[in-house]
Amino acid sequence: MPAYLDNAATTPMRPEAVEAMLPFLTDRFGNPSGAHATARDAKKAIEEAREVVAAGVGARPGEVVFTGSGTEADNLAVLGAVAAADGGRVVCSAIEHHAVLHATRAAGGLTAPVGGDGVIDLDAMAEVLDHNVGVVSVMLADNEVGTIQPLADVVALVRERAPDAVLHTDAVQAFAWVDVAALAAPADLVAISGHKFGGPKGVGALVVREGTALRPIIHGGGQERDLRSGTHNVAGIVALAAAVQATVDHRAADVVRVGALRDRLADGLLATVPDTTETGDRRRKIAGNCHLSFGGVESEALLLLLDGAGVAASAGSACTSGAIEASHVLVAMGVPAERALGSLRLSLGVTTTAADVDLALAAVPAAVARLREA
Ligand code: PLP
């Protein structure tokens, strides 16, 4: 059995989510915007899903906006808040996913640095914050190294230095592992994406707290309180809600079990493969992330050998896999280029087993040794 250790790229769907969505792909096919019974059935399903998602992310149902992906939720947050901020500048952390980073760049914004441990540098952040800043975006956990950011401290700083700024957090990677309802509570906008925690691809949500100024980026039929036009992906939304519920129900136990597997994997590889370093501070990371770098090895070649040995892994974020330059996250953390290019992300998920870890513990040292011999 191959070992799927790329859960930060995407996760297999939870059975609860598959089961929940099936009726909406067959009999219950209504468009929730209609006025008849078939439409009302779909509308009811969406509103029930909204309640579940709201409870899972610590929001009121009326604050949840369903979107077509995590990327879209992030774009709506950054571009929609900038548009509403009346000339206010946008600032994001240097390690944001491209969904936030590129949206910030498109809006002419700035980035704030992180330290070598991957944690936002609050002193440097303070320097770029002033009354001209209208939007700040700092992710709850990053998709490469998995560092959990001290969001409450960031929010306190933003409220003090840029009191009118809207604060967005990308909780796309965090949701599977941390209590987003509690940790993202001080943020005005919170993005999640279904396929990162056992839901389907192509559906996400943005929490827009009451009173937050936001303009739509997609115009049309006025769905989602006119913040996201487009016919609802009813099956996807229902499945997203089922995945939220299953994640919240099992998260505490999953974190303990998967965290122990991750520690065994990371410690095992650090002990058996010479010249290996761990990226970031493990105590501050989400439970599923194991990020290592090997001296004298190129990630792309390593990924190929691992794939051949039945281990699915990644060298950085899935969206940039194949690029040969060092990832912007590792560059921002000051990881030397040679180490960054020899990095490996093994991301565990709720379906990861001890056998998967055993396979990786055998395959990674063998692949690294082979590349070093070549
Ligand atoms: N934000 C983060 C932190 C991610 O890891 C990802 C996906 O890799 C996204 C946003 C984009 O989400 P989606 O794949 O749903 O567009």
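Here are 183, 189, 240: which of them is open to solvent by 60 Å² or more (accessible area, probe 1.4 Å) and within 16 Å of the ligand (Cβ to nearest atom)?
183
Could you tell me which of the residues 85, 49 is away from the ligand (no atom under 14 Å from the Cβ) and either touching a helix residue (DSSP H, G or I) at 6+ places or on another chain (Cβ under 7 Å) or over 18 Å from residue 137 (Cα atoms) (or both)?
When all the criteria are applied, what remains is 49.
Please specify each residue of the stretch 15-32 satisfying the condition of being within 30 Å of the chain's Cα centre (by Cα) and closer than 22 Å to residue 229 by Cβ.
24, 29, 31, 32
Going through the stretch 139-161 one residue at a time, which ones are within 14 Å of the ligand (Cβ to nearest atom) and either open to solvent by 10 Å² or more (accessible area, probe 1.4 Å) or not hydrophobic (A, V, I, L, M, F, W, C) (or both)?
142, 143, 144, 146, 147, 148, 149
Is there a residue being more than 18 Å from residue 233 (Cβ to Cβ), open to solvent by less than 30 Å² (accessible area, probe 1.4 Å) and either under 19 Å from the mean Cα position of the chain (by Cα) or not aliphatic (A, V, I, L, M) (or both) anywhere in the stretch 60-77?
The answer is yes, given that some residue of the stretch 60-77 is more than 18 Å from residue 233 (Cβ to Cβ), open to solvent by less than 30 Å² (accessible area, probe 1.4 Å) and either under 19 Å from the mean Cα position of the chain (by Cα) or not aliphatic (A, V, I, L, M) (or both).
Go through the stretch 16-35 and give me each residue that's surrounded by 14 or more Cβ atoms within 10 Å (Cβ to Cβ), part of a loop (DSSP other than H, G, I, E, B) and of a type in the set (D, E, K, R).
28
Of everything in the stretch 351-374 that's in contact with a Phe, Trp or Tyr (Cβ under 8 Å, 6 or more places away or on another chain) and outside any helix (DSSP H, G or I), which residue is farthest from residue 267 (Cα to Cα)?
351
Please find, among 251, 228, 257, the residue that is among the basic types (Lys, Arg), outside any loop (DSSP other than H, G, I, E, B) and closer than 21 Å to residue 171 by Cβ.
On inspection, the qualifying residue turns out to be 251.
Within the stretch 204-229, take every residue that is within 15 Å of the ligand (Cβ to nearest atom) and over 13 Å from the mean Cα position of the chain (by Cα) and give me the one that is surrounded by the most Cβ atoms within 10 Å (Cβ to Cβ).
207
Could you list, in sequence order, the residues of the stretch 88-116 that are within 17 Å of residue 172 (Cβ to Cβ) and either more than 16 Å from the ligand (Cβ to nearest atom) or free of Cβ contacts under 8 Å to residues at least 24 places away in the same chain (or both)?
Selection gives 102 alone.
Among the listed residues 13, 1, which satisfies the condition of being within 16 Å of the ligand (Cβ to nearest atom), open to solvent by 40 Å² or more (accessible area, probe 1.4 Å), touching a helix residue (DSSP H, G or I) at 6+ places or on another chain (Cβ under 8 Å) and over 13 Å from residue 137 (Cβ atoms)?
Exactly one residue qualifies, and that residue is 13.
Only one of these is at pLDDT below 95 and either in the same structural domain as residue 84 (by TED's automatic domain parsing) or of a type in the set (D, E, K, R) (or both): 130, 142, 121. Name it.
None of the others qualify; the one that does is 130.
Considering 163, 150, 186, which residue is within 21 Å of residue 65 (Cβ to Cβ) and not hydrophobic (A, V, I, L, M, F, W, C)?
186 is the lone residue from the list that is within 21 Å of residue 65 (Cβ to Cβ) and not hydrophobic (A, V, I, L, M, F, W, C).
Looking only at the stretch 162-180, how many residues end up being open to solvent by 10 Å² or more (accessible area, probe 1.4 Å) and touching a residue at least 60 places away in the same chain (Cβ under 8 Å)?
Here the count works out to 8.
For the stretch 270-301, enumerate the residues that are touching a Leu at 6+ places or on another chain (Cβ under 6 Å) and at pLDDT 95 or above.
Residues satisfying the conditions are 276, 278, 288, 290, 292.
Going by the structure shown, is residue 34 under 23 Å from residue 99 (Cα atoms), more than 16 Å from the ligand (Cβ to nearest atom) and modelled with pLDDT under 95?
No: the conditions fail for residue 34.
Taking the criterion of being aliphatic (A, V, I, L, M), in contact with a strand residue (DSSP E or B) (Cβ under 9 Å, 6 or more places away or on another chain) and more than 26 Å from residue 250 (Cα to Cα), would at least one residue in the stretch 348-357 satisfy it?
No, because not a single residue in the stretch 348-357 is aliphatic (A, V, I, L, M), in contact with a strand residue (DSSP E or B) (Cβ under 9 Å, 6 or more places away or on another chain) and more than 26 Å from residue 250 (Cα to Cα).
The values are calculated or read from the model by the stated rules, or taken from the named source; none is laboratory data. Just so you know, these numbers come straight off a predicted model, no measurement behind them. Virtual Cβ from ideal backbone geometry, glycine too; neighbours counted across all protein chains shown. The protein model used for the area step is the full one, side chains on, heavy atoms only, and it has no ligands, DNA or RNA in it. Shrake-Rupley method; radii C 1.70, N 1.55, O 1.52, S 1.80 Å.
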